[in-house]
1. How many residues are assigned to a helix (DSSP H, G or I) and in contact (Cβ under 8 Å) with a residue 60 or more places away in the chain when one looks only at the stretch 126-160?
2. For residues that are among the acidic types (Asp, Glu) and touching a residue at least 60 places away in the same chain (Cβ under 8 Å), scanning just the stretch 280-316, find the one that is nearest to the ligand (Cβ to nearest atom).
3. So PRO123 ticks every box in (1) within 24 Å of the chain's Cα centre (by Cα); (2) assigned to a loop (DSSP other than H, G, I, E, B) but one. Which box is left unticked?
4. State whether one or more residues within the stretch 229-238 are within 13 Å of the ligand (Cβ to nearest atom) and assigned to a strand (DSSP E or B).
5. If I ask for residues that are at pLDDT below 95 and β-branched (Val, Ile, Thr), which ones from the stretch 254-293 would you list?
6. I'd like to check which helices (runs of 4 or more DSSP H) are fully inside the stretch 1-113 and have at least 2 residues that are modelled with pLDDT of 95 or more, within 14 Å of the ligand (Cβ to nearest atom) and surrounded by 24 or more Cβ atoms within 10 Å (Cβ to Cβ).
7. Any residue in the stretch 126-137 that is under 26 Å from the mean Cα position of the chain (by Cα) and more than 27 Å from GLY82 (Cβ to Cβ)?
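The values are calculated or read from the model by the stated rules, or taken from the named source; none is laboratory data. All values reported here derive from a predicted model rather than from experimental measurement. Using ideal geometry, Cβ is built from the backbone for each residue, glycine included, and neighbour counts are taken over all protein chains shown.
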Amino acid sequence: MSRRRVIVLGGGIAGLSTAYFLARDGGVKVTLVEREPRHDAHSTGRSAEILRVAVDDPVTRALALETDRSLEDPASTSLDDGRLIERSGLVVLRTAEPTWAEDLQRRGLSTRVGAAFLAQVAPEIEVPERDSPLDRRAHWVERGGRIQGARLVASLARGASAAGATILRSAGEAQVLEERGAVRGVRVHGGQRLEADQVVVAAGAWSGAVARTLGLDLPLRTTRRQMFLTEPDGLSPTPPPVIWDDDAEFYIRREGSRWAVSVCEVLDAAAPDHHYPIHPELRARAAEAVRMWIKGPRPPLTLERGWSGFRDLSPDDRPILGPDSRLAGLHWCCGLGGHGMTLSLGVGRASASAVLGRPTELAAQCTMKRFESVPA
Ligand SMILES: Cc1cc2nc3c(=O)[nH]c(=O)nc-3n(C[C@H](O)[C@H](O)[C@H](O)COP(=O)(O)OP(=O)(O)OC[C@H]3O[C@@H](n4cnc5c(N)ncnc54)[C@H](O)[C@@H]3O)c2cc1C
């Protein structure tokens, strides 16, 4: 009997991870089509790569924790690179009690800390004063750090190919083909038609546009976010914990001998395109934050470069994956929002399980079904 054919449209982290877990299963024939010559041309190559399991939505958090376990032991998922995470820990500052705190504390993964702890683990950082003292708002989350994004992408691509997936890069703007109420495949660069029984759309910020070509709506909000990198400061490159201030909407992590920062803005993007502008006002806010947060250097460190990228946000901050009941054979793997690297392996496994018709418990809670209105 011939194997079912599955096309994954989009080869960022979501598509790559889905293709990897599908190919490893062996039950289906997998083709991944990516418009660009590289997998990291868009959001996947533009992220801060922070592993943050301290996430409010419980399902998203569970996917993050699953990814964390796999990154810790890549061999458990047969990935061939053992160095996928730089484990520095994470300090989250939030005055209101976070919904994740009780869960992570119960698992022994987070604990409250105070000013003395911060002074010890991150002596270069000066947390600006706020109304509530640090020991009422600082949480130490051990399962934090920096994901080695380029290695993860390369390892997933190698693994998918080795397991039999075909990876087509520079495939152009692929279009999903529909006939008689079911997907039939995709059309790629040069008009070539690739037949398939199922298509998984993992097109990141472009997923909404793909949906519209099929006359469908996706509840996604496309936003931009920017990041900045300081000049080198000559201090030790050993990374202190990532510090994420939810109250001030700011994060800072070490990158070699520099600091990477973001002021966590959420800017709506009319439609995703290939332009990645830097907003001068945000650059000024980031420079001011660097002056406030980093002790010592006078004059303050300057920002050497900045970049921006898209984040596709779902209404409940949970990915959208699995089948779409409106069109037979159509699956989604999108809406990874600000968590795509943190969710990478968990999302790929869940997405593949849904395509294979054996959805895991987490996959079942991520489908489009949750947005269907209840009949009156
Ligand atoms: C500044 C910034 C900082 C971030 N920081 C973090 C962080 O610290 N931690 C974290 O976990 N996440 C972070 N994120 C979020 C993370 O980067 C994203 O959630 C993740 O990369 C999304 O991956 P994706 O595969 O869905 O999208 P993408 O990487 O954009 O991949 C989608 C792919 O689909 C392709 N495509 C689109 N349309 C078509 C088509 N018609 N045919 C063929 N191919 C197509 C595109 O070329 C693209 O390669 C950050 C994002 C930004 C912008």
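1. Residues meeting the conditions: 12.
2. ASP312
3. (1)
4. Looking through the stretch 229-238, at least one residue is within 13 Å of the ligand (Cβ to nearest atom) and assigned to a strand (DSSP E or B).
5. Selection gives VAL266, ILE278.
6. 13-25, 58-72
7. yes
Here is a yes/no grid of residues against (1) outside the structural domain of VAL201 (by TED's automatic domain parsing); (2) outside any loop (DSSP other than H, G, I, E, B); (3) out of contact with any helix residue (DSSP H, G or I) (no Cβ under 6 Å at 6 or more places or on another chain); (4) more than 26 Å from GLU72 (Cβ to Cβ):
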{"site": "PRO300", "(1), (2), (3), (4)": "yes, no, no, yes"}
{"site": "LEU321", "(1), (2), (3), (4)": "no, yes, no, no"}
{"site": "CYS333", "(1), (2), (3), (4)": "no, yes, no, no"}
{"site": "GLY338", "(1), (2), (3), (4)": "no, yes, yes, no"}
{"site": "SER344", "(1), (2), (3), (4)": "no, yes, no, no"}
{"site": "GLY357", "(1), (2), (3), (4)": "no, no, yes, yes"}
{"site": "SER373", "(1), (2), (3), (4)": "no, no, yes, yes"}
